[in-house]
Amino acid sequence: RKEVEQDPGPFNVPEGATVAFNCTYSNSASQSFFWYRQDCRKEPKLLMSVYSSGNEDGRFTAQLNRASQYISLLIRDSKLSDSATYLCVVNPSREYGNKLVFGAGTILRVKS
Amino acid sequence: GAGVSQSPSNKVTEKGKDVELRCDPISGHTALYWYRQRLGQGLEFLIYFQGNSAPDKSGLPSDRFSAERTGESVSTLTIQRTQQEDSAVYLCASSLGGFGSYEQYFGPGTRLTVT
């Protein structure tokens, strides 16, 4: 089983739609969780951290369910510029220091 | 301030040759990481440096791969006797390091093509 699993998509949605991505992780001792965004042929960039209580940043909402080892990202009112690959990222445990494990990514295509 | 830089941006080499990839992290970042990303694939962890030491080399795919870091700054990733399956984008990232400082800032990558 992969450490971090994501639905690869692609998710094809119209502008203005709400879209949700899910991610599961295998190590129950995982400490920290993130969503990164990667544009085509570009490097990944941090989108947001994911906190146990859930957190929101504008149109983006991230949720964490430790019991189910599940992370989600919700994007409201999708924009064309949201088209990218969204990477679910986990820090497996303290013994790994700052090592991050990346999921393979979910592709989002927002169309006009 | 300056971000993570990598050189060269593109490298084409013949099978069997050695290549050296360079990463300059953000000044003051003690942690440095190397990843590999094959076309259409996710990021594959290679090695992690904390300062000049490498507590986690678990991702290096074979003994043809090695990396070093000097002066808590520049790092080089060396691939000896390159093979076609080594073709990928090699990404370097840095972070402030230490528990609780997890955001990683990525460089633009080196696109390696082995012919």
Item to check | Nearest-10 value in Å² for the accessible area of A:Y36, using the 1.4 Å probe | outcome: 0 Å²
Checklist outcome for this item: Taking r as the C-beta separation of A:S49 and B:S58 and R0 as 22 Å, the FRET efficiency to the nearest 0.05 is 0.35
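List the pairs from A:K45/B:K17; A:K99/B:K11; A:K42/A:K111 whose alpha-carbon separation is above 29 Å, in the order I gave them. Present the calculation step by step, with values, prior to reporting the outcome.
On the way: A:K45/B:K17 32 Å; A:K99/B:K11 27 Å; A:K42/A:K111 20 Å.
From A:K45/B:K17; A:K99/B:K11; A:K42/A:K111, over 29 Å: A:K45/B:K17.
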Checklist entry - Where nothing but the Cβ of Lys and Arg (+1) and of Asp and Glu (-1) is charged, how large is the charge dipole of the stretch A:1-45 around its Cα centre, in debye to the nearest 20? => result 140 debye
Item to check | Surface per residue (accessible, 1.4 Å probe) for chain A, Å² | outcome: 49 Å²
Item to check | Accessible surface buried upon A-B contact (total; probe 1.4 Å; Å², nearest 100) | outcome: 1700 Å²
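Considering only the protein assembly as shown, what is the antiparallel percent among its DSSP beta bridges, to the nearest 5?
Values: 70 of 78 bridges.
Around 90 percent of the beta bridges assigned by DSSP in the protein assembly as shown are antiparallel ones.
Can you divide the C-alpha Rg of chain A by 2.2 N^0.38 Å and report the result to two decimal places? Kindly include the intermediate steps, with their values, before the conclusion.
On the way: Rg = 13.6 Å, N = 112, 2.2 N^0.38 = 13.2 Å.
After normalising by residue count via 2.2 N^0.38 Å, the value is 1.03.
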Item to check | Per-selection Kirkwood Rh - the stretch B:1-56 (Cα, Å, 1 d.p.) | outcome: 13.3 Å
Checklist outcome for this item: Site B:Q84, offset 7 angstrom along Cα→Cβ, radius 20 Å on amide nitrogen, limited to the stretch B:10-52, gives B:11-19, B:37-41
Item to check | Per-residue SASA entry for A:D39, accessible area with 1.4 Å probe, Å² rounded to 10 | outcome: 60 Å²
Item to check | Size of chain B as Cα extents on the principal axes (Å, biggest first) | outcome: 40, 27, 26
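Carbon and sulfur: what percent of the protein assembly as shown's accessible surface (1.4 Å probe)? Can you show the working numbers first?
Values: 4950 of 10800 Å².
Roughly 46 percent, rounded to a whole number.
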Checklist entry - Dividing the alpha-carbon Rg of the protein assembly as shown by 2.2 N^0.38 Å yields what? => result 1.02
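Which order do B:S95, A:S52 take when ranked by solvent-accessible area (1.4 Å probe, heavy atoms of all protein chains), largest first?
Working: B:S95 0, A:S52 75 Å².
Heavy-atom accessible area, descending, gives A:S52, B:S95.
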Checklist entry - Can you put A:E43, A:E15 in order of accessible area, largest first, using a 1.4 Å probe? => result A:E15, A:E43
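Could you tell me what a quarter of the Cα convex hull surface of the stretch A:36-76 works out to, in nm² with one decimal place? Present the calculation step by step, with values, prior to reporting the outcome.
On the way: hull surface 13.6 nm².
So the mean shadow area of the Cα hull is 3.4 nm².
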Item to check | Candidate residues A:L74, A:L64, A:L80: accessible-area rank, largest first, probe 1.4 Å | outcome: A:L80, A:L74, A:L64
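Other chains near A:40-53: what is the mean number of their Cβ atoms within 10 Å of each residue's Cβ? Intermediate results must be reported in sequence, preceding the final value.
Working: counts 0, 5, 3, 15, 10, 4, 5, 0, 0, 2, 0, 0, 0, 0.
Across A:40-53, the average partner-chain Cβ count within 10 Å equals 3.
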Checklist entry - By residue number, which cysteines of chain A lack any other Cys whose Cβ falls under 4.7 Å from their Cβ? => result A:C40
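The values are calculated or read from the model by the stated rules, or taken from the named source; none is laboratory data. Keep in mind that what you see is a predicted model, and the values were worked out from it rather than measured. Because the Cβ atoms are built from the backbone with ideal geometry, glycine has one as well, and the counts that use them run over all protein chains shown. To get the accessible areas, we keep the full protein, side chains included, count just its heavy atoms, and leave off ligands, DNA and RNA. Shrake-Rupley method; radii C 1.70, N 1.55, O 1.52, S 1.80 Å.
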